[in-house]
Structure formats: structure tokens, C-alpha cells
Amino acid sequence: MSKFKDQATSSQTGCGCFGSSKQKNMIKFSHIEVDEEIVSASIILEMIYRGQNVELALSRCRLNPNLVLLQFRDDLEYFIPQLINQILIKQLDYVLQFIIKAAEVDFFFAHTFFFAWRSIINDFNPENENYLKLYFSKLDRVYKKTLLIAAYFENHQFNDGIEQQVSKGMPIAQQVNKLPDRIQEYGTLFYSNHVYNDTLNLDNYESIFRQAKSSGFCSTIDFWDDIIYISQNLHLANPKIISLKADIQKINRNLPAAVYIPFQGVRNYVVLNIVVDECRVFPTKCRSPFYLCLEIYRPEEEAELIPNPLRNSRMSLPKTVGKMDNKNNSENNETSDCTRNRPTYLCKIVEAEVDAEEGRDDLSQFSNILRDNEVTHSYYEDLNNLVSTQNNTGKQLNKMSRKELTDSIYGCDNSDKIRSNSPFRNFKTWKLVQLIVKSGDDLRQEQFAMQLISTFDQIFKIEQLKLQITTYEVISLGPGYGLIEVVKDALSIDSIKKKLNDILQIKCLSQYFKLNSSQAMLSNFLNSLVAYSLVCYFLQIKDRHNGNILLHRDGYIIHIDFGFFLSSAPKGNLEKEVPFKMTEEYVDILGGYDSNLFKRFRKMFFEGFKAIRKHKEKILLLVKMMENSNLNCFKEKTLTDLERRFLQDNLSETQLYVQCQKLIDLSRGNWRANWYDKYQYYFQGIMY
């Protein structure tokens, strides 16, 4: 481990704004309650950026998100990418020491930091890899005999609050109880639609490629490393889909296990199985990303140990290093503490050894990522092949109902079919999660873009605006590989136009809205169009062709694929000086330039612009703390250009309104945006 030195420019170890009183006071911010005893993560990051020492303040900072107010993020976990960048730039050794303490308090934080730090290993010097090894070794020992899933919260004393919480997971019991053979055949030709109705016993996941005994901390990491290993080697296989399904079946033999998907919305669930028949490969020149559909469930809800309305609020109690420092200084206390009142459904844990497959390379080769110079590819184009569409070619337009037309385009939900065939179908918390596994691409910039977009969404919610953004999870698991959540019930506008041409012989999206829209659908389109217009303007998101813009079946649009934003743009920068995309087709959907809906667009754009200016420091903090990183979106004047787009602080409301209308008028039917769409059509076949 490198010996980082604290280069703080101030000798301060605290700040008067935090307050010194130990009494717990609540203050109101808008309609959100804030605990004065907890130090704001955004304030801490601002102090770090200014060069101040925040060693004492860090111990009072909330580590975990508030699941009740998840859209309002001010926890340290949310800012891990920014924190890492500042650690590397300023060499903050005391922050690295704090990180290890924080990781012992909250294993979700521990895993999130691990994946984020591993993602930057190739970017700087080898000493960063030494810290990762130290971090991994330490936490592997801390969580050696534990089962790290969200259900460990159920073991806490119900009425004693955070002070009585035990930071470690559930202890592993020395019992062997495997799934019946007929259930393990699920996903193979030998499976015969059996149902599993017994108590489910969970074990830590054992890697099928790495010869090492799994621990609580390794379990989730090993699972995703196996998935990534498949992705990195799949381009060598032929046929790829057969190889993928065979490897997934091997992984399924070690499931269900104490493994979770590191997406914020579902990480409280446990992975039951990967649906083999739903696997799809998207082969490109040198890469083979693939689509997975995972069955998950939430153990503590199955056992009903805590009433559902109280579960998320209890899990949202703030976790800080300071509150845990006085409780447990021994690494071995977790077993004795956790044994008390543990639920029986988590105590029958398997500890069987699994022989690793011979002939496989070690996972340390993750740093050798395949790279090429391919054109950015939207996997939503290939996901259209997953949709089972109805054949309505012979139906007359006037005989086709709205539902039939929608199902013809978006297909029918097959989750019920998957569940009816699953041995876990009787689990009341059973659900599906779809994601794309990618290797050979640096997903940190995509993750950073989604963090910024999520912050815009938080601002709209804080100001109680109706502007609608659909966020999805992007997580970099290491240098050049990671996961992207699939947005359900949404297709690219390019795909929708092609389907409309096949079904109804029409190519215009406005015609589809006239045939199929309701007032709610138009309202959704308007609210989302305003939101993404603002986001695209402030972040200068480019490459906005119809393959990168989705339309949900309920009418709202969703932007994806953020390879070009802030100071980066496709070669030639044809979209230069286009504030945001506002095609004539969008205007037609709203009813024309003189329509009431377009007038509402103008007003809502102005209201959204005001809200963003009011909270611009939230956006600027995220961006300036990522300066000097090697992300492609940063150039010499990135921060200056971003600040300029917020316009002058001294503008009157009337002057601001005029400026907003100028941006709208400059964007509508802009010839540069039109020509970029035409370019994509002639060279990529993307409809416009």
C-alpha cells in the first residue's frame, strides 16, 4: 500500500457548521426532515475539494442511503466516485483509513467502494492495486464467517435502534442441506416443472473458475467475477449462445446463494437463479456483451419477521463510523452477537467444497481488456429480438384496439410464463431483473452520467415539479467491465418506427400518438420531454439519434447511452450549438407550435430551469470533484462551460424567461440535429 499523505491546506479537523450538540434535533428542508447530528456528505465533499481536513466530520457522515427517501441522496456511498478521485489527486491517507472502518460498518458500502476502486486500477499507479489487496484482505477476514445479505437487519433488536445494530452479517452454521436434484435440474432438459416449497437454505457462492474458499465478503464479488469472466472469453466461443448457456448452467448449480445484484433498487434481494432460456448474446467485432434475466427474492419478507411498512424505515436508520466505534473493537464479536435471536431460515448454511473447473485462467487477467474502435452500439436494438410480437399483418387498422397495437410493438410480458415454470414461483417476493453484462468498455463515464442525471431528478422532486426522468442502474465492476440495467417496457424510437412501418405502413411517431395515445400518455411525453431537454442542455449530451432515445409504452421518453456529454462529442460534432433535441415530430405530437401543450412545454422548461439554477451547486460539486480524472468527458474548460450554461446569477425572472425561450427556439427543428439524424440513417440505418 502506498503511503498517501494528507495535503490539507488547513489544520481544521472540523467545522462549526456541524454543531457540537449531541442532542438529536430535526430541521425542515423543503418537505424533507434532516438530522442535525448527521453531517451532510455533500458538505464534507465540498470541504475536501477546498483542501480542508474532514477527519472528525467523516465519522458523523451517513454511509447508507435512506430507503424511505431514496430519491434524496446525501449519503457518502452516493459520492464514492468523487471521493476516490479526490483521494487520488490529494493523496488523503486518513480518508483511506476511514474507508476501511466504514466498510466494516456497512457491507453494501464495502462492496460499492471495492468495485469503484478496482475500476480505476489501470488508470494510475500500481500502488493503488496494493491498497485494493489490503482492503480485500482486511474485509475478507472481517466477514469470513458471515452471510452478507440484507436479511441480517432482521437479527437486530427491533426496538433499540441503530445503537443495538450489529454491523456483521448472519453467522454460518455447520449444516449441509442442498437443494433436491430435481430442483437443481432447473434450466436443463431434465427439469420437469417442480415446485420448491421447503425452507430455502443459503450459502456463500463458490466460484466455478477460481480455486478459493468463499467468504461472506467474497460471495457477491466471486459471483459477478464469474459472470464477467464469461463475458471476456465469450468472443472466442462458437456458437456463442450455446457456450453462454452452458456456463450459466454451471453457475446455477451454486445458486441460490448469498449473492445480490449491486443495483440500489434490488440489492436487498437474493439471487435465486439465472433464467438460461432468456440469455441472449450481442456479438460485436471484438466483444460479446450479453443479456441476463435473474430471479430474485427477499428472504426477510418471506419470513415476515418485521411488518412490511417498518422494514425500509428501520434499514434507513443512519449508519456512521462514529456510532459503531464504541460498540465493537474485536473482529470476532460478530459471531457471538449475531447468534442471538437469529432466524432459523438463515442458519442452515452449506459449506461444501466445489471443485474448480480445470483449464480456466485466473481472474487476475481482468486487466487485459479487449478494446476496439467500434461505433457506439445500442443494445436496445438487439433487445428488440427478445420481444415476442403478435402477428397483426392481416388485421385492418380500424379493427385493431389500442392494446393490440401496443402489444404488437412492445410485445407481451413473459414474466408470468417464466414464473409458472420456476421452482421458486411460490415465493411471494419473487421478481425478475434484466441486465446487460459488458466487458471491453469503460462504464465509469456512463455511471457518472447517470449519477448526474439522477441528481437532476432529485432536484425536480425536491421542488415538487412534474418533470419525469427515468433513471436506470449502471455500475462499473472493474477496469473495463460492468452491468447495465435494462429498462422494461421501452423500445428505441428507431425500433418503434420500423415496427410501425411493418404493421401499419406508417413511419411518423406523431401518427402513432394520434392512433394510440391517451391524455395520460401525452402528459407523460410532455413531462419527460421537458426534463430530458433540460438535462441534455446542461450536460450537453450528444449522439442523440433515435437509437439512443427510448419510448416507454406509457408515453414517456428515456435517454440512454451517454458516451458523449459535457466536453466530448462524436467526430465532426455535427450537433454543435444544438441546446437540445426538439424535432418537428416532437412538436407535432404536442399539437404544433401554437398548441396548449407546447405552451405548457415552454412554461415547464422555464420552471425546471429555475429549479436547476437554485440547486446548481449539487451538479457543480459532482462535476468539479471529478475534474482531472481521465474520463473522456473532461477537457480544459469543462467546468467553466458548465457554469456558463446556468446563466448569470443576477438575471431577473423576466430576463431568465426570455433566455429560456431563446434556447427552445434555437433547438426546435435545428438543421444540425436534423442532419445528424439523416447521417445516422444513411450510415447506420437508424430511422429518423
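Read-outs throughout are calculated quantities, based only on the coordinates presented, and are distinct from any laboratory measurement. All figures in this text were calculated on a predicted structure; none of them were measured in a lab. Here the Cβ is made from the backbone with ideal geometry for all residues, glycine too, and neighbour counts use every protein chain on show.
Worth pointing out:
- Label-to-label distance, nm, for residues given as R600 and Q519 (7 Å Cα→Cβ offset): 0.9
- Between the range 257-301 and the range 67-115, the Cα center-to-center distance that results, in Å: 25
- Overall form of the range 487-684 per C-alpha gyration tensor (a/c, 1.5; a/b vs b/c): oblate
- When each of K250/K285; K144/K250; K101/K488; K498/K624 is checked by Cα-Cα distance, pairs over 32 Å: K101/K488; K498/K624
- Taking every Cα-Cα distance in the range 617-656 and sorting them into 5 Å bins starting at zero, the pair-distance distribution P(r) comes out as 5, 19, 28, 20, 12, 7, 6, 2, 0 percent.
- Peptides 611-624, 658-671 ranked from most to least packed, by the mean per-residue count of other Cβ atoms within 10 Å: 611-624, 658-671.
- Simple label model, 7 Å out from Cα along Cβ direction - Q97 to N421, nm: 5.6
- Candidates per GluC sites (Glu not before Pro) in the range 625-670, loop by DSSP, up to 15 other Cβ within 10 Å: E627, E636
- Geometric descriptor of the range 573-688, per residue, is 128 Å³ (volume of the convex hull of the Cα atoms).
- Each residue, K507 and W671, gets one label point 7 Å from its Cα in the Cβ direction; the gap between the two is 2.2 nm.
- Loop-located GluC sites (Glu not before Pro) in the range 469-578 whose Cβ has at most 13 other Cβ within 10 Å (DSSP): E577
- The distance from the alpha carbon centre of the range 481-540 to that of the range 621-688 is 21 Å, rounded to a whole number.
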